[in-house]
Amino acid sequence: MTRLPAALIAALLLVLPRSFRAQDAAAPPPVVLDVVVSDANGAPARDLGPGDFEVLGDSRPQAIASFSTAAEPLTVVFLLDVSASAESLWRPDAAAMVAALGGALKPGERARLGGIAGHLTLGPWTTNSAELDRTAAATLTPSAEDRAGPSPLWDAVDGALTALATEPGRRTIVMLTDGLPTGNVHGVDEIRARAAALGITVNVVVSGAGLTFGAGQLLSALAASSGGLALEWRPPTGPVPNGAHLPAAMTSMAGYVTAVLGRVFDDLRTCYRIGFVPERADGREHAVSVRVRQPGYKVRTRDRYVAATGG
Amino acid sequence: MEGTPRPTEDPTARTRSLVAFVVAAAALASPARTATRQQVFRGGVQTVAVYATVHGPDGHLATGLAERDFEVRDNGRPVQLTLFSDDVVPITVALMLDMSGSMMEEYVRVRQAAFDFVATLLPADRLRIGTFGTEVAVSPLLTSDKATLERVIREEVWPGGATPLWTAIDRGMRSLHDEPGRRVVLALTDGANNCTGKLPCASFGQVRHDAEAQGFIVYAIGMPHAPLAGELVGLTDVTGGGHFDVAGDADLGATFATVADELHHQYTLGFTPAVLDGKVHVLDVRVSQPGFTARARRSYVATADR
């Protein structure tokens, strides 16, 4: 290959149209999507290659600019609704809940506990069960006034997003609640947009109000938009016959949450990281979706991104 | 002669006086202020503000009355009004919606009525929305922005739980404590107070005392299957508010609209008390026109500014 002399390059730069250079300098930063794929049986599909995926930005196919399957450590915020309306659902299992989070962390991963009552109380960053144990009581014991309500779930997710916004790597929020948001400054659409723009997944475990009615639908939509999961736990109303319907661990909420954290964390640690360069660096929100070309696969990823301005 | 406007002696002075009143009231909206909300001080003169709703013989709201049509008595003695206005003054309202379990079947209807109430607000009115049931949840947003209020109704009004009525009204009042001007708590409920052990519960006596001492106006709307209880009706009476029992499948939104209409057409009266003895004084507001009735708060505390 013939190398161009430096003087020639400088001359070419001078004669190139100014708009061309400006456009080059303002090339949009790439958008990176965390993509979780399961097969037709619901099992994680972790052997796909870049050619198996199709990325659509604003419904138009996008060229995949980067592709990775390398596992990465997680940064997690685990929010528990400690308002009076929700607390009784899990308070008997509080220690087990905290232990579930500690047990789900791997070396190099970090987590913060958050208690949602009248206000969000976020604990310090921790890396293991012992640290979580030491800080859990202060984080999850609201004042009597705060405990009486409201339950600002959207604001709590917003606080968790702020806590994670500057953290590197794969970031996720898991929120455990009875599913009735009240007393928020922020609306759910605002939070959905912010979570998706930051590329932080929001996972919701609801017990009480469910996911099919009113607020549950809002919680489901929030989780889906971010590429997260919305799950419902119902306490068994009677003996579980021979464990036929629920594994033993699932007969307690702590057991269920342990299983959920394991799945959510594993999904995210081993998900595909797919990057593409958006067509425009306009600072605006755009729709995005990812498909596996072969039939039978299910894909979870965020449904929007913000095309950050380049430069 | 409902609604017949009468010329006043000096309308310009009246307007100036009202502006001064509003400015003074706004200046009092500081955290350091105590429970003397109804007392407005300007140039060393204390004014007790009284908001009156007047109905004519036909039961309709009476507008266009003049200062001379009103008589205000303080502990039985007539007082000279130093302030009078029939201008529309913006309202500040905490709307507390009963979302107890028994309201489950009325849930859609109540939400729609709340939307209707928002639609009746004038540009300068401000509303905060709260619910009571499993918890007492008061929105942090006190706003004139209808889109925001509609978002709160869509996303934050959910049924379930008991009926902590007094706690709800108490929280509603506290949420407006530092706000200037007329402060109204409007409660929609289908039952008597039932505060469970999970919540810090306010008592009726405490709520009535605070409402009277701080000059709150309390309105109540009762659902068809559970007419309003006597204590709540009494609370609306002593604070100069109003109470409505919704009949059958009557339009709940229309009842909310009636409340808004009343609030937008109240007369603002003010007088300087003869003594500041720190005691509760009985107020009596009357309209001299035959067949006209006035609703206004029935007491104030004659406390000097500190």
*Only one residue in B:102, B:144 is among the small types (Gly, Ala, Ser), within 30 Å of residue B:193 (Cβ to Cβ) and out of contact with any helix residue (DSSP H, G or I) (no Cβ under 8 Å at 6 or more places or on another chain). Which one?*
B:102
*Within the range A:256-269, can one find any residue that is of a type in the set (Phe, Trp, Tyr) and more than 14 Å from the chain's Cα centre (by Cα)?*
yes
*Considering only the range B:149-164, how many residues are out of contact with any strand residue (DSSP E or B) (no Cβ under 6 Å at 6 or more places or on another chain) and either in contact (Cβ under 8 Å) with a residue 60 or more places away in the chain or more than 9 Å from chain A (Cβ to nearest Cβ) (or both)?*
5
*So which of A:149, A:179, A:103 is assigned to a helix (DSSP H, G or I), modelled with pLDDT under 95 and touching a helix residue (DSSP H, G or I) at 6+ places or on another chain (Cβ under 7 Å)?*
A:103
*Report yes if residue B:196 is among the hydroxyl-bearing types (Ser, Thr, Tyr) and either outside any loop (DSSP other than H, G, I, E, B) or more than 11 Å from chain A (Cβ to nearest Cβ) (or both), otherwise no.*
no
*What number of residues within the range A:72-94 satisfy the criterion of being modelled with pLDDT under 75, away from chain B (no Cβ under 14 Å) and in contact with a Lys or Arg (Cβ under 8 Å, 6 or more places away or on another chain)?*
0
*Please specify each residue of the range A:208-225 satisfying the condition of being more than 10 Å from every other protein chain (Cβ to nearest Cβ) and at positive phi.*
A:210
*Can you find even one residue in the range B:266-285 that is touching a Phe, Trp or Tyr at 6+ places or on another chain (Cβ under 9 Å) and among the aromatic types (Phe, Trp, Tyr)?*
yes
*What are the residues in the range A:177-207 that are away from every other protein chain (no Cβ under 13 Å) and surrounded by fewer than 24 Cβ atoms within 10 Å (Cβ to Cβ), if any?*
A:193, A:194, A:197, A:198, A:199, A:207
*So, in the range B:125-148, of the ones that are in a loop (DSSP other than H, G, I, E, B) and at pLDDT 95 or above, which residue ends up farthest from the other protein chains (Cβ to nearest Cβ)?*
B:125
*Might you let me know whether the range A:54-71 holds any residue that is under 30 Å from residue A:143 (Cα atoms) and either within 14 Å of chain B (Cβ to nearest Cβ) or at pLDDT 95 or above (or both)?*
no
*Mind checking which pairs have a first residue in the range B:94-110 that is aromatic (Phe, Trp, Tyr) and a second that is crowded, with 21+ Cβ neighbours inside 10 Å and outside any helix (DSSP H, G or I), Cβ under 7 Å, 6 or more apart or different chains?*
B:107/B:159
_Exactly one of these conditions fails for residue B:122: (1) of a type outside the set (S, T, N, Q); (2) away from chain A (no Cβ under 14 Å); (3) outside any loop (DSSP other than H, G, I, E, B); (4) surrounded by fewer than 21 Cβ atoms within 10 Å (Cβ to Cβ). Give me its number._
(3)
*Does residue B:186 qualify as being under 23 Å from residue B:266 (Cα atoms), outside any loop (DSSP other than H, G, I, E, B), at pLDDT 95 or above and not hydroxyl-bearing (Ser, Thr, Tyr)?*
yes
*Please state which one of B:117, B:132 is within 18 Å of the chain's Cα centre (by Cα) and aromatic (Phe, Trp, Tyr).*
B:117
*Only one residue in A:149, A:123 is within 14 Å of chain B (Cβ to nearest Cβ) and touching a Ser or Thr at 6+ places or on another chain (Cβ under 7 Å). Which one?*
A:149
*Which condition number does residue B:300 fail, the rest of (1) crowded, with 21+ Cβ neighbours inside 10 Å; (2) touching a Ser or Thr at 6+ places or on another chain (Cβ under 8 Å); (3) more than 19 Å from residue B:59 (Cα to Cα) being met?*
(2)
*Determine which member of the set B:5, B:57 is of a type outside the set (Val, Ile, Thr) and at pLDDT below 95.*
B:5
_Odd one out for residue A:81 among (1) over 22 Å from residue A:288 (Cα atoms); (2) loosely packed, with under 14 Cβ neighbours inside 10 Å_ = (2)
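The values are calculated or read from the model by the stated rules, or taken from the named source; none is laboratory data. From a predicted model like this one, the values you see are computed outputs, not experimental measurements. When we count neighbours, we look across all protein chains shown, and the Cβ atoms used for this are built from the backbone with ideal geometry, even at glycine.
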